[in-house]
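Before any comments, here is the structure.
The values are calculated or read from the model by the stated rules, or taken from the named source; none is laboratory data. Just so you know, these numbers come straight off a predicted model, no measurement behind them. Glycine also receives a Cβ, built like all others from the backbone with ideal geometry; neighbour counts cover every protein chain displayed. Each accessible area value is taken on the protein alone, full model and side chains, heavy atoms only, with ligands, DNA and RNA left out. Shrake-Rupley method; radii C 1.70, N 1.55, O 1.52, S 1.80 Å.
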Amino acid sequence: MKSYIYYFLTLVLLAGVTGCGEKSSTNETSVETEISSFIEVTQAQYDQLGMEMGSITEKSFPVRVSVNGMIDVPPENRAMVNATMGGYIKTTPFLIGDKVSKGQTLVTLENPEFVSLQQQYLEVNEQLSFLKAEYERHTIMSEENITSQKNFLKSESDYKSALARHSGLQKQLQMLNISPEQVKNGTIVSTVSIKAPISGSITKVNVTKGSYVSPATAIMEIINNDHVHLELSVFEKDIMKVKKGQKITFRIPEASGDTFHAKVYLVGTSIDANRTIKVHGHLEDEGKEKFLTGMFVEANIITDDIQEKALPSNAIVTIDNIPNVLIFEKKEGDVYYFSQKEVSVDEELDGFSVIKEANSFAPNTQFLTKGTYNLIGE
């Protein structure tokens, strides 16, 4: 009987020992799982990689209106070159891209009508002296009642008509860059020069040597890029936010990755057919960059500033298009423990990114702000 009791007690003890062993094993597994869910960094690694921690802070972020536009010049810096009278192109020495100065000869035209015009001027100029003398003679005779009023009026009319014709022909010669004084001296030319109305670069050449141009033909276009500006198109829904003096940031995506700055100078007062309003912006440090007229720009007009909760952008690592951060959980000995969490980023500016879930974190939550990529980005 005693042997059965001893056997039973032995079984109970063995069962108890086995049960305790299983419980202990379960607890150890739970602890190991909890620890393995953290990313561990030793103090030596932390120092070697120059890691830093920080918390979410409030930063000023701009409220922006996104627009498109182009680089343009004022109307006085753009000139179309035309001929006052038609003619055949005799010389055209310039190409697109050549720089010219105001008053420089661009092309020369040849036309027999130029000769005819100078001939008429010379004839009227010669008649003018005679008609003037006749008018003065009839004036004196009329005062002394020696001649009839009819003869006096005719001499006056002939002289003043010739004077008007002389002045008109002289003005036409000047418009053709022909010197009236040289014509008076007997020098008659068959070619005229067309001068540059402004200084700048030639952007279009529409003629060739020997071609005929009429006064309606645009021979060349000259643009002066010394002063350029932004010509932006703002949609009707956003125009009430735009005011003179607001800052503009813009990029030229096809030519540069840099960001440039400007200010709103004028806001249009009429709506185009596509429901946009023109906004004129003046560039900062205009002479520093070599912008070309017609360049396409992507711009943001800063209409206001708001306070947002943000983290340094270096604290965020995007994995499979999802932003992640590392949260400091604890430090045991010389080991730091971090947990990884997905977040949503609203916008980024000057090295800081707005965190949409910022209010879900405790105010004193610490994040790894430097060295995050070394742990989860690779």
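Scoring Ile306 on the criteria (1) open to solvent by 40 Å² or more (accessible area, probe 1.4 Å); (2) farther than 30 Å from Phe361 by Cα leaves a single failure, condition (2). Comparison of Ile178, Ile202, Ile188 shows that the only residue that is among the aliphatic types (A, V, I, L, M), outside any helix (DSSP H, G or I) and open to solvent by 30 Å² or more (accessible area, probe 1.4 Å) is Ile188. Of all residues in the stretch 217-244, those satisfying the criterion of being within 30 Å of Thr105 (Cβ to Cβ) and out of contact with any helix residue (DSSP H, G or I) (no Cβ under 8 Å at 6 or more places or on another chain) are Thr217, Ala218, Ile219, Met220, Glu221, Ile222.
Within the stretch 357-364, identify whether any single residue is touching a strand residue (DSSP E or B) at 6+ places or on another chain (Cβ under 8 Å) and in a strand (DSSP E or B), and answer yes or no. Checking the stretch 357-364: not a single residue is touching a strand residue (DSSP E or B) at 6+ places or on another chain (Cβ under 8 Å) and in a strand (DSSP E or B).
Yes/no matrix, rows are residues, columns are (1) touching a Cys at 6+ places or on another chain (Cβ under 6 Å); (2) within 11 Å of Ile301 (Cβ to Cβ); (3) of a type in the set (Ser, Thr, Tyr); (4) modelled with pLDDT of 95 or more:
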{"position": "Lys237", "(1), (2), (3), (4)": "no, no, no, no"}
{"position": "Met240", "(1), (2), (3), (4)": "no, no, no, no"}
{"position": "Thr249", "(1), (2), (3), (4)": "no, yes, yes, no"}
{"position": "Ala273", "(1), (2), (3), (4)": "no, no, no, no"}
{"position": "Val279", "(1), (2), (3), (4)": "no, yes, no, yes"}
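Whether any residue in the stretch 245-260 is over 27 Å from Thr203 (Cβ atoms), assigned to a loop (DSSP other than H, G, I, E, B), touching a helix residue (DSSP H, G or I) at 6+ places or on another chain (Cβ under 7 Å) and of a type outside the set (Ser, Thr, Tyr) is what I want to check. No: zero hits.
Conditions tested, residue by residue: (1) polar (S, T, N, Q); (2) in contact with a His (Cβ under 9 Å, 6 or more places away or on another chain).
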{"position": "Glu284", "(1), (2)": "no, yes"}
{"position": "Glu289", "(1), (2)": "no, no"}
{"position": "Leu311", "(1), (2)": "no, no"}
{"position": "Val325", "(1), (2)": "no, no"}
{"position": "Gly333", "(1), (2)": "no, no"}
{"position": "Ser339", "(1), (2)": "yes, no"}
{"position": "Gly351", "(1), (2)": "no, no"}
{"position": "Ala362", "(1), (2)": "no, no"}
{"position": "Thr369", "(1), (2)": "yes, no"}
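Return the residue satisfying two criteria in turn: it lies in the stretch 205-222 and is open to solvent by less than 20 Å² (accessible area, probe 1.4 Å) and either without any contact (Cβ under 8 Å) to a residue 40 or more places away in the chain or part of a strand (DSSP E or B) (or both), and of such residues it is farthest from Ile89 (Cα to Cα). The extreme case among them is Ile222. Here the condition is being open to solvent by 60 Å² or more (accessible area, probe 1.4 Å), of a type in the set (A, V, I, L, M) and modelled with pLDDT of 90 or more; of Ile71, Ile96, it holds for Ile96 alone. Checked against (1) under 19 Å from Gly50 (Cα atoms); (2) at pLDDT 90 or above; (3) open to solvent by 70 Å² or more (accessible area, probe 1.4 Å); (4) not aliphatic (A, V, I, L, M), Phe367 passes all but a single condition, namely (3).
If you check Glu113, Glu76, Glu58 for being closer than 30 Å to Leu326 by Cβ, open to solvent by 80 Å² or more (accessible area, probe 1.4 Å), out of contact with any Phe, Trp or Tyr (no Cβ under 8 Å at 6 or more places or on another chain) and touching a residue at least 24 places away in the same chain (Cβ under 8 Å), only one passes: Glu58. Val317 meets all of the listed conditions (1) touching a helix residue (DSSP H, G or I) at 6+ places or on another chain (Cβ under 9 Å); (2) surrounded by 13 or more Cβ atoms within 10 Å (Cβ to Cβ); (3) more than 30 Å from Ala362 (Cβ to Cβ) but one, namely (3). For the stretch 338-355, the tally of residues that are surrounded by 13 or more Cβ atoms within 10 Å (Cβ to Cβ) and either without any contact (Cβ under 8 Å) to a residue 24 or more places away in the chain or outside any strand (DSSP E or B) (or both) stands at 2. Here is the figure for the stretch 116-157: residues that are outside any helix (DSSP H, G or I) and open to solvent by 80 Å² or more (accessible area, probe 1.4 Å) total 3.
Conditions tested, residue by residue: (1) closer than 30 Å to Ser211 by Cβ; (2) touching a residue at least 12 places away in the same chain (Cβ under 8 Å); (3) not assigned by the TED database to the domain that holds Val205.
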site	(1), (2), (3)
Gln119	yes, yes, yes
Ala133	no, no, yes
Phe152	no, yes, yes
Val183	yes, yes, yes
